[in-house]
1. Just to be sure, is Val134 in the same structural domain as Ile164 (by TED's automatic domain parsing) and in contact with a helix residue (DSSP H, G or I) (Cβ under 7 Å, 6 or more places away or on another chain)?
2. List pairs: first residue in the stretch 1-12 and β-branched (Val, Ile, Thr), second residue assigned to a strand (DSSP E or B) anywhere in the structure, Cβ distance under 6 angstrom, at least six positions apart or on different chains.
3. Restricting attention to the stretch 189-205, does a residue exist that is among the polar types (S, T, N, Q) and more than 20 Å from Asp141 (Cβ to Cβ)?
4. Would you mention how many residues in the stretch 198-234 are touching a Phe, Trp or Tyr at 6+ places or on another chain (Cβ under 8 Å), in a strand (DSSP E or B) and not β-branched (Val, Ile, Thr)?
5. Give the residue that is surrounded by the most Cβ atoms within 10 Å (Cβ to Cβ), with candidates limited to residues of the stretch 23-45 that are touching a residue at least 40 places away in the same chain (Cβ under 8 Å) and farther than 19 Å from Glu91 by Cα.
6. Which fully enclosed strands (runs of 3 or more DSSP E) of the stretch 1-74 have 1 or more residues being basic (Lys, Arg)?
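The values are calculated or read from the model by the stated rules, or taken from the named source; none is laboratory data. Quick caveat, the model's predicted, so the values are computed rather than measured. Positions of Cβ are backbone-derived with ideal geometry, glycine not excepted, and every protein chain shown enters the neighbour counts.
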Amino acid sequence: FHKNHGKEGTIMVTQVKEWHKYGVVVYNKADGKIDKFVEKPQEFVGDRINSGIYILNKSVLKRIPLQKTSIETQVFPVMANEGELFCMELEGFWMDIGQPQDYILGLDKFLPNMPARIATAVTAEQAAAGKYEVKGVVVVDPSATVEEGAELGPNVTVGPGCVIGKCARLSNCAILANTKVGKGAYVNKSIIGWNNTVGAHCHIDNVTVTGDDVQIAPALIINGAKVLPNKGVKASVEKPEVIM
């Protein structure tokens, strides 16, 4: 398609229901030539948006000035005005995971369909050999340790160097590299950052997100908190808030 139209750029577009939340691509459906971009339209002008996948000729590099530049908002509109930008519809599943709640939802969408070349899900046999349990799709880095009695899944990823303590319960969450989850802790619908320590018997839920090097004391309830890096959490957070 890109070679056939002979212009400088092709972007992949995808259909969305909530078009008013995105920049919409207005184009000629007959040949894919892009007319313009409309940022978060209040009235319907289309339901195709930029998926973030591009095929660009080397000549596009000359359009980018030697300063901080947004190719989407500063370069692509000019190319469209000059008739040098086309689009092609993306086949298959696409979703925006820029917000934590969407990232967590994305785990549910991606992991069951995960390409084998990216990672291999833990099998029931592997879990049984380690004396822990998995439900649904769970991905554990080979360098991580899962202790006896832990229950993981569905939709869980555990990064390199992590330690998941005895009888911990993880579901619908991402545990990033070198984090320790204590004995009997519960983590659900959350993203636990790098180099964290989650104390024993903590209860973490409701799209809690922690930055790098966060230390959570034992037996706390963390409900929807957003914790900035290098923080120690010593008291329960029962309502969603930002900890700075």
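1. Taking the combined requirement at face value, the residue satisfies it.
2. Thr10/Ile55; Thr10/Phe86; Thr10/Met88; Ile11/Asn50; Ile11/Tyr54; Ile11/Cys87
3. So far as the stretch 189-205 goes, no, none of its residues is among the polar types (S, T, N, Q) and more than 20 Å from Asp141 (Cβ to Cβ).
4. 2
5. Phe37
6. 34-39, 48-56
For every residue, the table says whether it meets (1) more than 24 Å from Leu111 (Cα to Cα); (2) not polar (S, T, N, Q).
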site	(1), (2)
Lys135	no, yes
Ala150	no, yes
Asn195	no, no
Cys202	yes, yes
Gln215	yes, no
Pro218	yes, yes
Met244	yes, yes
